[in-house]
1. Which of the following residues is buried (at least 23 other Cβ atoms within 10 Å of the Cβ), small (Gly, Ala, Ser) and closer than 30 Å to Asp48 by Cα: Ala233, Ala239, Ala200?
2. Given region 9-64, what helices (runs of 4 or more DSSP H) lie entirely inside it while holding 1 or more residues that are surrounded by fewer than 14 Cβ atoms within 10 Å (Cβ to Cβ) and of a type in the set (D, E, K, R)?
3. In this structure, is Ala182 within 28 Å of Leu235 (Cβ to Cβ) and either crowded, with 19+ Cβ neighbours inside 10 Å or within 18 Å of the chain's Cα centre (by Cα) (or both)?
4. Give the residue, chosen from Leu2, Leu35, that is closer than 20 Å to Leu291 by Cα, touching a helix residue (DSSP H, G or I) at 6+ places or on another chain (Cβ under 8 Å) and not hydroxyl-bearing (Ser, Thr, Tyr).
5. Could you list, ordered by first residue, the pairs with Cβ atoms under 6 Å in which the first is in region 256-285 and outside any loop (DSSP other than H, G, I, E, B) and the second is at pLDDT below 90, at least 6 apart or interchain?
6. Does Lys228 satisfy the criteria of being surrounded by fewer than 18 Cβ atoms within 10 Å (Cβ to Cβ) and under 30 Å from Ala89 (Cα atoms)?
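The values are calculated or read from the model by the stated rules, or taken from the named source; none is laboratory data. No experiment lies behind these values; they were computed from the predicted model shown. Positions of Cβ are generated from backbone atoms using ideal geometry, with glycine treated the same way; all protein chains shown enter the neighbour counts.
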Amino acid sequence: MLAWAGYADPDIVKTFEQRMHCKVEVTYIDSDVDLWQKISHNNGEDFDVFAVNTAELQRYIRQKLVVPIPTSEVPNLARQLTRFRNVNAIPGLVHSGQAYAVPYTYAEMGLIYDRKQLAQAPDSIDVLWDERYKGKVIAYNAGTHNFSLAAMALHLRSPFQLTEKNWPLAVDRLIALRRNAAGFYTQPDESVTLFKSRQATLMFANYGRQQVQLLQAAGMDVGYAIPKEGALAWLDCWAITRGTPNLNLAAAWINYLLEPEPGQVLVKRQGLANTTSASADYRDEDRLVWLEPVESEERRNLLWTRIVSGDRASKVLAP
């Protein structure tokens with residue numbers, strides 16, 4: 001299986017192995033790009049199950065790299081909260097009347113701040129560009145989400161569909177973010193190390209409250225805020241590849257993760273919400289902007305690579 005950090009901890013895997021009399025091999029990923037490369041490399045035949053957000057899921061469906069979920073083999077779907085049981089209401093999960101993934105965990109990408117340096121919680125994502133915090137901002141190292149973040153900061157109509165006239169604006173915004181940043185991370189643990197070592201004031205939390213919990217465990221006095229513009233939010237699901245030789249065993253893994261113990265591991269160890277128990281961390285007034293497929297992941301990631309490399313806008317946008 002392919003999983004993000006914290007989705008398949010050794011003790012959770014061991015319990016499943018003992019119950020099902022099988023051997024599980026976990027490969028951890030650190031970006032959507034990494035996930036796509038590993039699944040698409042051999043037409044989905046190198047892995048059985050993988051964790052993917054609903055926006056990214058769409059291209060796996062288009063390329064026929066995944067198969068519909070055999071829901072009769074996942075009876076614990078009945079344990080999920082109503083909003084997750086109604087898969088037709090979640091964009092991208094159902095195609096031709098069949099569900100292609102099972103919701104597992106979700107979080108929004110808010111702002112983490114050092115309480116010792118900021119007395120009040122920041123109320124806008126504009127704070128990431130505030131020159132007062134130059135060299136004190138930790139950002140995420142991926143093009144897809146960063147261009148959406150820039151679009152929200154620019155108050156564009158859609159953070160997921162940039163028009164030709166919007167690309168230069170977004171590039172300029174991200175170059176400015178690069179200049180303000182003290183470092184970039186991909187993994188949650190890496191973000192903790194950077195935040196501490198650079199004595200950062202702010203961080204764009206791609207992994208949401210999971211990073212808050214990790215920072216607090218590391219002795220940091222941090223706060224968390226959802227800005228007034230809203231926060232990008234992801235819903236990660238488990239999907240089954242078309243190359244799996246044992247569909248029922250893959251479904252059994254998904255079913256197992258919807259039991260109480262694995263669900264609480266997400267909450268207590270990772271600071272993430274699960275889809276089977278209510279969370280007190282989410283308020284009605286918080287605006288969540290659920291991820292959608294973007295106009296071109298390839299273009300976003302290419303331009304972001306150039307931005308991080310230190311290129312100027314004219315070179316970033318060059319053909």
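1. Ala239
2. Values: elements: 10-20, 32-40, 54-62.
It comes to 10-20, 54-62.
3. No.
4. Among Leu2, Leu35, only Leu35 is closer than 20 Å to Leu291 by Cα, touching a helix residue (DSSP H, G or I) at 6+ places or on another chain (Cβ under 8 Å) and not hydroxyl-bearing (Ser, Thr, Tyr).
5. From residues that are outside any loop (DSSP other than H, G, I, E, B), the pairs are Leu266/Leu272; Gln270/Gln210; Ala273/Tyr106; Ala273/Ser279.
6. Working: surrounded by fewer than 18 Cβ atoms within 10 Å (Cβ to Cβ): yes; under 30 Å from Ala89 (Cα atoms): yes.
When the stated conditions are applied, Lys228 passes them.
Here is a yes/no grid of residues against (1) at pLDDT 90 or above; (2) more than 17 Å from Glu297 (Cβ to Cβ); (3) under 23 Å from the mean Cα position of the chain (by Cα):
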| residue | (1), (2), (3) |
| --- | --- |
| His41 | yes, no, yes |
| Val49 | yes, yes, yes |
| Glu56 | yes, no, yes |
| Arg59 | yes, no, yes |
| Pro68 | yes, yes, yes |
| Asn76 | yes, yes, no |
| Leu81 | yes, yes, yes |
